[in-house]
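Asker: Dumping the structure here so I can ask a few things about it.
The values are calculated or read from the model by the stated rules, or taken from the named source; none is laboratory data. All figures in this text were calculated on a predicted structure; none of them were measured in a lab. Note that we place each Cβ from the backbone using ideal geometry, even for glycine, and neighbour counts take in every protein chain shown. Calculation scope for accessible area: heavy atoms of the full protein, side chains included, ligands and nucleic acids excluded. Shrake-Rupley method; radii C 1.70, N 1.55, O 1.52, S 1.80 Å.
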Amino acid sequence: MAQAVVIIPSYNEKENIEKIIRKVFSLDDNFHILVVDDGSPDGTAQIVKNLTAEFPGRLFLEGRKGKLGLGTAYIHGFKWALGKNYDFIFEMDADFSHNPDDLPRLLNACKNGADVAVGSRYTGGGNVENWPLNRKMLSQFASLYVRMILWMPVMDPTAGFKCYKKEVLSKLNLDAIRFIGYAFQIEMKYRAYRAGFRVVEVPITFIDRKEGVSKMSMSIFKEAFWGVIRMRLGKN
Ligand SMILES: Nc1nc2c(ncn2[C@@H]2O[C@H](COP(=O)(O)OP(=O)(O)O)[C@@H](O)[C@H]2O)c(=O)[nH]1
Ligand SMILES: [Mg+2]
(Lines give C-alpha, C1' and ligand atoms only; values in the text may rest on other atoms or scores of the structure.)
(Ligands and ions follow the chains in the order given, each with its own letter.)
Protein backbone atom coordinates (compact mmCIF):
# COMPACT_ATOMS: atom_id res chain seq x y z
CA MET A 1 0.00 0.00 0.00
CA ALA A 2 1.32 3.48 -0.91
CA GLN A 3 2.64 5.18 2.19
CA ALA A 4 2.76 8.91 2.86
CA VAL A 5 4.91 10.86 5.34
CA VAL A 6 4.41 14.47 6.46
CA ILE A 7 7.70 16.23 7.25
CA ILE A 8 7.24 18.99 9.87
CA PRO A 9 10.26 21.26 10.52
CA SER A 10 10.17 22.70 14.02
CA TYR A 11 11.98 25.42 15.91
CA ASN A 12 10.42 26.52 19.22
CA GLU A 13 6.93 25.16 18.57
CA LYS A 14 6.04 23.87 22.03
CA GLU A 15 2.57 25.47 21.85
CA ASN A 16 1.72 23.80 18.51
CA ILE A 17 3.64 20.54 18.07
CA GLU A 18 1.45 18.11 20.08
CA LYS A 19 -1.78 19.56 18.68
CA ILE A 20 -0.62 19.40 15.05
CA ILE A 21 0.61 15.80 15.48
CA ARG A 22 -2.72 14.68 17.00
CA LYS A 23 -4.62 16.55 14.25
CA VAL A 24 -2.73 14.73 11.46
CA PHE A 25 -3.28 11.34 13.15
CA SER A 26 -6.99 12.11 13.50
CA LEU A 27 -7.35 12.12 9.69
CA ASP A 28 -8.74 9.02 7.89
CA ASP A 29 -5.69 8.64 5.67
CA ASN A 30 -2.83 6.76 7.31
CA PHE A 31 -0.20 9.53 7.29
CA HIS A 32 3.13 9.08 9.07
CA ILE A 33 4.95 12.08 10.54
CA LEU A 34 8.64 13.01 10.69
CA VAL A 35 9.48 16.02 12.87
CA VAL A 36 12.86 17.62 12.12
CA ASP A 37 13.70 19.70 15.20
CA ASP A 38 16.76 21.97 15.40
CA GLY A 39 17.47 21.64 19.11
CA SER A 40 14.59 23.96 20.05
CA PRO A 41 15.43 25.62 23.40
CA ASP A 42 11.70 25.48 24.35
CA GLY A 43 11.71 21.66 24.57
CA THR A 44 9.72 20.91 21.41
CA ALA A 45 11.76 17.74 20.75
CA GLN A 46 10.99 16.26 24.20
CA ILE A 47 7.25 16.71 23.58
CA VAL A 48 7.60 14.75 20.33
CA LYS A 49 9.77 12.08 22.01
CA ASN A 50 7.07 11.54 24.67
CA LEU A 51 4.43 11.12 21.94
CA THR A 52 6.38 8.52 19.92
CA ALA A 53 5.41 5.84 22.50
CA GLU A 54 1.72 6.56 21.82
CA PHE A 55 2.17 6.40 17.99
CA PRO A 56 4.69 3.57 17.41
CA GLY A 57 5.79 3.19 13.77
CA ARG A 58 3.92 6.36 12.73
CA LEU A 59 5.68 9.24 14.50
CA PHE A 60 9.40 9.87 14.04
CA LEU A 61 11.82 12.55 15.29
CA GLU A 62 15.10 13.67 13.74
CA GLY A 63 16.94 16.09 16.03
CA ARG A 64 19.65 18.45 14.79
CA LYS A 65 22.06 20.60 16.80
CA GLY A 66 21.32 24.32 16.49
CA LYS A 67 19.08 26.32 14.16
CA LEU A 68 20.21 25.35 10.64
CA GLY A 69 17.31 26.68 8.55
CA LEU A 70 14.00 25.33 7.25
CA GLY A 71 15.50 24.35 3.87
CA THR A 72 18.22 22.10 5.26
CA ALA A 73 15.68 20.60 7.69
CA TYR A 74 13.59 19.53 4.69
CA ILE A 75 16.61 18.19 2.76
CA HIS A 76 17.46 16.12 5.85
CA GLY A 77 13.86 14.90 6.01
CA PHE A 78 13.67 14.11 2.27
CA LYS A 79 16.75 11.89 2.48
CA TRP A 80 15.31 10.13 5.54
CA ALA A 81 11.96 9.57 3.76
CA LEU A 82 13.58 8.32 0.53
CA GLY A 83 15.71 5.95 2.61
CA LYS A 84 12.48 4.47 4.01
CA ASN A 85 10.92 4.37 0.54
CA TYR A 86 7.84 6.50 1.27
CA ASP A 87 5.76 7.02 -1.89
CA PHE A 88 4.42 10.47 -1.05
CA ILE A 89 6.45 13.05 0.90
CA PHE A 90 4.85 16.22 2.31
CA GLU A 91 6.11 19.57 3.54
CA MET A 92 3.91 21.19 6.25
CA ASP A 93 4.54 23.90 8.89
CA ALA A 94 3.96 23.15 12.60
CA ASP A 95 1.87 26.25 13.38
CA PHE A 96 -1.51 25.42 11.75
CA SER A 97 -0.96 28.06 9.05
CA HIS A 98 -1.27 25.01 6.80
CA ASN A 99 -4.50 23.16 7.62
CA PRO A 100 -3.89 19.38 8.00
CA ASP A 101 -7.42 18.84 6.60
CA ASP A 102 -5.92 19.82 3.20
CA LEU A 103 -3.40 16.93 3.26
CA PRO A 104 -5.80 14.42 1.60
CA ARG A 105 -6.50 16.96 -1.20
CA LEU A 106 -2.80 17.31 -1.96
CA LEU A 107 -2.39 13.53 -1.80
CA ASN A 108 -5.24 13.05 -4.27
CA ALA A 109 -3.71 15.56 -6.65
CA CYS A 110 -0.50 13.48 -6.63
CA LYS A 111 -2.51 10.27 -7.13
CA ASN A 112 -4.21 11.90 -10.14
CA GLY A 113 -1.35 13.11 -12.28
CA ALA A 114 0.56 15.74 -10.32
CA ASP A 115 4.22 15.08 -9.52
CA VAL A 116 4.28 18.00 -7.09
CA ALA A 117 1.00 19.27 -5.56
CA VAL A 118 1.34 22.78 -4.11
CA GLY A 119 -1.08 24.12 -1.49
CA SER A 120 -1.54 27.52 -3.12
CA ARG A 121 -2.76 30.79 -1.59
CA TYR A 122 -2.74 32.59 -4.94
CA THR A 123 -4.38 30.20 -7.41
CA GLY A 124 -8.17 30.50 -7.95
CA GLY A 125 -9.93 29.73 -4.63
CA GLY A 126 -6.77 30.22 -2.55
CA ASN A 127 -6.68 32.69 0.36
CA VAL A 128 -4.67 34.22 3.23
CA GLU A 129 -6.31 35.09 6.57
CA ASN A 130 -5.19 37.21 9.52
CA TRP A 131 -1.82 38.11 8.07
CA PRO A 132 -0.77 41.72 8.75
CA LEU A 133 -0.91 43.91 5.63
CA ASN A 134 2.89 44.17 5.34
CA ARG A 135 3.24 40.35 5.24
CA LYS A 136 0.46 40.08 2.67
CA MET A 137 2.07 42.71 0.42
CA LEU A 138 5.55 41.24 0.85
CA SER A 139 4.28 37.77 -0.11
CA GLN A 140 2.29 39.05 -3.12
CA PHE A 141 5.28 41.08 -4.28
CA ALA A 142 7.55 38.06 -3.89
CA SER A 143 5.22 35.90 -6.02
CA LEU A 144 5.05 38.49 -8.79
CA TYR A 145 8.81 39.07 -8.66
CA VAL A 146 9.56 35.32 -8.91
CA ARG A 147 7.14 34.84 -11.81
CA MET A 148 8.66 37.78 -13.69
CA ILE A 149 12.23 36.48 -13.32
CA LEU A 150 11.80 32.70 -13.54
CA TRP A 151 8.82 32.54 -15.95
CA MET A 152 7.59 29.54 -13.92
CA PRO A 153 3.79 29.03 -14.26
CA VAL A 154 3.23 28.83 -10.48
CA MET A 155 1.08 31.51 -8.80
CA ASP A 156 2.44 30.78 -5.30
CA PRO A 157 6.18 30.05 -5.74
CA THR A 158 7.06 30.60 -2.06
CA ALA A 159 4.38 28.16 -0.85
CA GLY A 160 5.60 25.74 1.82
CA PHE A 161 2.70 23.25 1.91
CA LYS A 162 3.38 20.52 -0.65
CA CYS A 163 3.19 16.86 -1.63
CA TYR A 164 5.96 15.28 -3.72
CA LYS A 165 5.90 11.92 -5.43
CA LYS A 166 9.10 10.16 -4.36
CA GLU A 167 10.28 10.05 -7.99
CA VAL A 168 10.70 13.85 -7.94
CA LEU A 169 12.91 13.93 -4.84
CA SER A 170 14.98 10.96 -5.93
CA LYS A 171 15.61 12.60 -9.33
CA LEU A 172 16.58 16.05 -8.02
CA ASN A 173 20.15 16.61 -6.78
CA LEU A 174 19.24 17.45 -3.18
CA ASP A 175 22.88 18.13 -2.26
CA ALA A 176 22.98 21.01 -4.77
CA ILE A 177 20.19 22.89 -2.95
CA ARG A 178 21.78 25.62 -0.88
CA PHE A 179 19.00 27.98 0.10
CA ILE A 180 17.40 27.74 3.56
CA GLY A 181 14.35 30.05 3.60
CA TYR A 182 11.75 31.03 1.00
CA ALA A 183 14.42 30.68 -1.67
CA PHE A 184 14.45 26.95 -0.83
CA GLN A 185 10.71 26.74 -1.53
CA ILE A 186 11.16 28.55 -4.84
CA GLU A 187 14.19 26.45 -5.84
CA MET A 188 12.47 23.11 -5.17
CA LYS A 189 9.55 24.06 -7.45
CA TYR A 190 11.88 25.56 -10.08
CA ARG A 191 14.12 22.46 -10.25
CA ALA A 192 11.09 20.13 -10.42
CA TYR A 193 9.52 22.29 -13.16
CA ARG A 194 12.81 22.49 -15.13
CA ALA A 195 13.17 18.70 -14.82
CA GLY A 196 9.82 18.31 -16.61
CA PHE A 197 7.70 17.29 -13.61
CA ARG A 198 4.05 18.36 -13.40
CA VAL A 199 3.71 21.05 -10.68
CA VAL A 200 0.00 21.46 -9.87
CA GLU A 201 -1.53 24.11 -7.56
CA VAL A 202 -4.38 23.17 -5.20
CA PRO A 203 -6.18 26.15 -3.57
CA ILE A 204 -5.78 26.40 0.21
CA THR A 205 -6.47 28.98 2.90
CA PHE A 206 -3.33 30.01 4.80
CA ILE A 207 -4.10 31.31 8.30
CA ASP A 208 -1.57 33.31 10.32
CA ARG A 209 -0.27 31.38 13.36
CA LYS A 210 -2.18 31.91 16.63
CA GLU A 211 0.57 30.61 18.94
CA GLY A 212 4.35 30.83 19.03
CA VAL A 213 6.56 33.23 17.07
CA SER A 214 7.33 33.44 13.33
CA LYS A 215 10.96 32.72 12.35
CA MET A 216 10.64 34.89 9.25
CA SER A 217 13.49 37.46 9.04
CA MET A 218 14.92 40.10 6.66
CA SER A 219 17.88 37.81 5.93
CA ILE A 220 15.43 35.14 4.71
CA PHE A 221 13.80 37.77 2.47
CA LYS A 222 17.16 38.98 1.11
CA GLU A 223 18.27 35.38 0.44
CA ALA A 224 15.15 34.93 -1.70
CA PHE A 225 15.49 38.29 -3.48
CA TRP A 226 19.04 37.60 -4.73
CA GLY A 227 18.57 33.84 -4.84
CA VAL A 228 15.96 34.08 -7.58
CA ILE A 229 18.36 36.00 -9.80
CA ARG A 230 21.05 33.35 -9.19
CA MET A 231 18.55 30.64 -10.12
CA ARG A 232 17.74 32.51 -13.34
CA LEU A 233 21.41 32.77 -14.17
CA GLY A 234 21.87 29.07 -13.31
CA LYS A 235 24.45 30.05 -10.69
CA ASN A 236 22.87 28.29 -7.67
N1 LIG B 1 14.01 22.68 11.94
C2 LIG B 1 13.80 23.98 11.66
N3 LIG B 1 12.53 24.43 11.52
C4 LIG B 1 12.36 25.76 11.27
C5 LIG B 1 13.43 26.67 11.15
N6 LIG B 1 12.91 27.93 10.87
C7 LIG B 1 11.55 27.77 10.84
N8 LIG B 1 11.21 26.47 11.08
C9 LIG B 1 9.88 25.88 11.09
O10 LIG B 1 9.37 26.11 9.77
C11 LIG B 1 7.96 26.36 9.83
C12 LIG B 1 7.66 27.74 9.19
O13 LIG B 1 8.23 28.75 9.95
P14 LIG B 1 7.41 30.06 10.41
O15 LIG B 1 8.24 30.74 11.44
O16 LIG B 1 6.03 29.70 10.77
O17 LIG B 1 7.45 30.93 9.06
P18 LIG B 1 6.28 31.89 8.52
O19 LIG B 1 5.03 31.09 8.43
O20 LIG B 1 6.81 32.33 7.19
O21 LIG B 1 6.17 33.03 9.48
C22 LIG B 1 7.57 26.28 11.32
O23 LIG B 1 7.11 24.97 11.59
C24 LIG B 1 8.90 26.56 12.04
O25 LIG B 1 8.97 25.98 13.33
C26 LIG B 1 14.77 26.16 11.30
O27 LIG B 1 15.78 26.87 11.21
N28 LIG B 1 14.90 24.82 11.57
MG1 LIG C 1 4.12 30.15 10.02
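Asker: Within segment 133-150, restricting attention to residues that are more than 26 Å from Glu167 (Cα to Cα) and touching a residue at least 60 places away in the same chain (Cβ under 8 Å), which residue is surrounded by the most Cβ atoms within 10 Å (Cβ to Cβ)?
Answerer: Ala142
Asker: Another question, if that's okay. Restricting attention to segment 152-171, report how many residues are closer than 19 Å to Val6 by Cβ and either away from ligand 2 (no atom under 16 Å from the Cβ) or without any contact (Cβ under 8 Å) to a residue 12 or more places away in the chain (or both).
Answerer: Matching residues across segment 152-171 total 8.
Asker: Ok, one more. Identify all residues within segment 28-52 that are out of contact with any strand residue (DSSP E or B) (no Cβ under 9 Å at 6 or more places or on another chain), modelled with pLDDT of 95 or more and surrounded by fewer than 17 Cβ atoms within 10 Å (Cβ to Cβ); write none if there are none.
Answerer: Hits for segment 28-52 are Pro41, Asp42, Gly43, Gln46, Asn50.
Asker: Return the total of residues in segment 15-27 being buried (at least 17 other Cβ atoms within 10 Å of the Cβ) and of a type in the set (Gly, Ala, Ser).
Answerer: Looking only at that region, the number is 0.
Asker: Pairs only if they're at least six apart or on different chains, beta carbon under 8 angstrom, first in segment 59-85 and acidic (Asp, Glu), second assigned to a helix (DSSP H, G or I); list them, first residue then second.
Answerer: Final answer for the pair search is Glu62/His76; Glu62/Gly77; Glu62/Trp80.
Asker: Now for a separate question. So, in segment 90-129, exactly how many residues are within 16 Å of ligand 1 (Cβ to nearest atom) and open to solvent by less than 10 Å² (accessible area, probe 1.4 Å)? It would help to see each step written out before you state the result.
Answerer: First, pick out the residues of segment 90-129 that are within 16 Å of ligand 1 (Cβ to nearest atom): 90-100, 102-103, 118-122, 126-129.
The next check asks that each one be open to solvent by less than 10 Å² (accessible area, probe 1.4 Å); those that pass are 90-92, 94, 97-98, 100, 103, 118-120.
Total satisfying the criteria: 11.
Asker: Restricting attention to segment 53-74, report how many residues are open to solvent by 20 Å² or more (accessible area, probe 1.4 Å) and either away from ligand 1 (no atom under 15 Å from the Cβ) or among the β-branched types (Val, Ile, Thr) (or both).
Answerer: 7
Asker: Inspect segment 66-80 for any residue being more than 12 Å from the chain's Cα centre (by Cα), more than 21 Å from Gly39 (Cβ to Cβ), basic (Lys, Arg) and assigned to a loop (DSSP other than H, G, I, E, B) and give the result as yes or no.
Answerer: There is no residue in segment 66-80 that is more than 12 Å from the chain's Cα centre (by Cα), more than 21 Å from Gly39 (Cβ to Cβ), basic (Lys, Arg) and assigned to a loop (DSSP other than H, G, I, E, B).
Asker: Return the residues of segment 147-175 that are more than 18 Å from the chain's Cα centre (by Cα) and among the hydrophobic types (A, V, I, L, M, F, W, C); say none if nothing qualifies.
Answerer: Met148, Ile149, Leu150, Trp151, Met152 - these are the residues of segment 147-175 that are more than 18 Å from the chain's Cα centre (by Cα) and among the hydrophobic types (A, V, I, L, M, F, W, C).
Asker: When you check Leu103 against the structure, is it under 22 Å from Lys210 (Cα atoms) and either in a strand (DSSP E or B) or in contact with a Phe, Trp or Tyr (Cβ under 9 Å, 6 or more places away or on another chain) (or both), yes or no? Quick ask: steps written out before the conclusion?
Answerer: Values: under 22 Å from Lys210 (Cα atoms): yes; either in a strand (DSSP E or B) or in contact with a Phe, Trp or Tyr (Cβ under 9 Å, 6 or more places away or on another chain) (or both): yes.
Yes: the conditions hold for Leu103.
Asker: Can you work out which of the residues in segment 200-235 that are aromatic (Phe, Trp, Tyr) and under 15 Å from Leu150 (Cβ atoms) is farthest from ligand 2 (Cβ to nearest atom)?
Answerer: Within segment 200-235, the match that is farthest from ligand 2 (Cβ to nearest atom) is Trp226.
Asker: Working only within segment 27-58, note down all residues that are assigned to a loop (DSSP other than H, G, I, E, B), out of contact with any helix residue (DSSP H, G or I) (no Cβ under 8 Å at 6 or more places or on another chain) and over 22 Å from Leu70 (Cα atoms).
Answerer: Asn30, Ala53, Glu54, Pro56, Gly57
Asker: Hey, among the residues in segment 185-214 that are surrounded by fewer than 19 Cβ atoms within 10 Å (Cβ to Cβ) and away from ligand 1 (no atom under 16 Å from the Cβ), which one's farthest from His76 (Cα to Cα)?
Answerer: Selected residue: Pro203.
Asker: Next question, about the same structure. Can you name the number of the only condition in (1) open to solvent by 40 Å² or more (accessible area, probe 1.4 Å); (2) more than 25 Å from Lys136 (Cβ to Cβ); (3) at pLDDT 95 or above that Asn12 fails?
Answerer: All conditions pass for Asn12, except number (2).
Asker: Search segment 89-100 for residues that are over 21 Å from Lys166 (Cβ atoms) and within 12 Å of ligand 2 (Cβ to nearest atom) and pair each with any residue that is part of a strand (DSSP E or B) and among the hydroxyl-bearing types (Ser, Thr, Tyr) when their beta-carbon atoms are under 6 Å apart and the residues are at least 6 apart or on different chains.
Answerer: Pairs that qualify, where the first residue is over 21 Å from Lys166 (Cβ atoms) and within 12 Å of ligand 2 (Cβ to nearest atom) and the partner is part of a strand (DSSP E or B) and among the hydroxyl-bearing types (Ser, Thr, Tyr), are Ala94/Ser10.
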